[in-house]
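Computed from the coordinates by the stated procedures, all read-outs in this text should not be read as laboratory data. Just so it is clear, the structure is predicted and the values come from calculations on it, not from any experiment. Please note: Cβ atoms are built from the backbone with ideal geometry, for glycine as well, and neighbour counts cover all protein chains shown.
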Amino acid sequence: MKAELHITDTDDLVRAIAAQVVSEIKPFMAKLGMPDEDPIFSVKEVAKYLGVSSQWVYQRTCQKEIPFIKVGKFPRFKKSEIDHWLNTLKVPAIHRLSSGSGIIGRIRTRR
């Protein structure tokens, strides 16, 4: 393995080394089934991710309806836990839509 670095600033050198280490470790982590990262969201970030208001997130947190971690007095949200929580909220379809039945079929036949 050969890495070429053309950097004069120490901070840039540290960042370049860290980036190279991360790029070398990622394939091994993937083989072990370890995720690259599991971002932690703030209230504002999770609200944006879910497409809701921050107030909605605070209400769900207060009622303990959404999984969160307390960091001091601040609620934080792991993306993986939010995704899992979202999957528990799925509402299954009762009937599959087909072109010849139901309202879709009636709309299409009238044209």
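Structure note, pairs 26/73; 48/90; 26/79: Cα-Cα distances above 27 angstrom occur for 26/73. Sorting 9-17, 49-57 by average packing, meaning the other beta carbons within 10 Å per residue, from highest down gives 49-57, 9-17. Backbone phi angles across the range 73-84, fed through the Karplus curve with coefficients 6.51, -1.76 and 1.60 (θ = phi - 60°), yield HN-Hα couplings of 9, 9, x, 10, 9, 7, 4, 4, 6, 5, 4, 5 Hz in residue order; Gly and Pro are listed as x. Under a 5 Å amide H cut-off, with hydrogens placed 1.01 Å from N, residue 41 pairs with 77, 78, 79 among residues at least 5 apart or on other chains.
Between the DSSP loop rule and a limit of at most 15 other Cβ atoms within 10 Å, which trypsin sites (Lys or Arg not before Pro) in the range 27-88 are left? Can you show the working numbers first?
Details: sites: 31, 44, 48, 60, 64, 70, 73, 76, 78, 79; in loops: 64, 73.
Of the trypsin sites (Lys or Arg not before Pro), the ones in loops of the range 27-88 whose Cβ has at most 15 other Cβ atoms within 10 Å are 64, 73.
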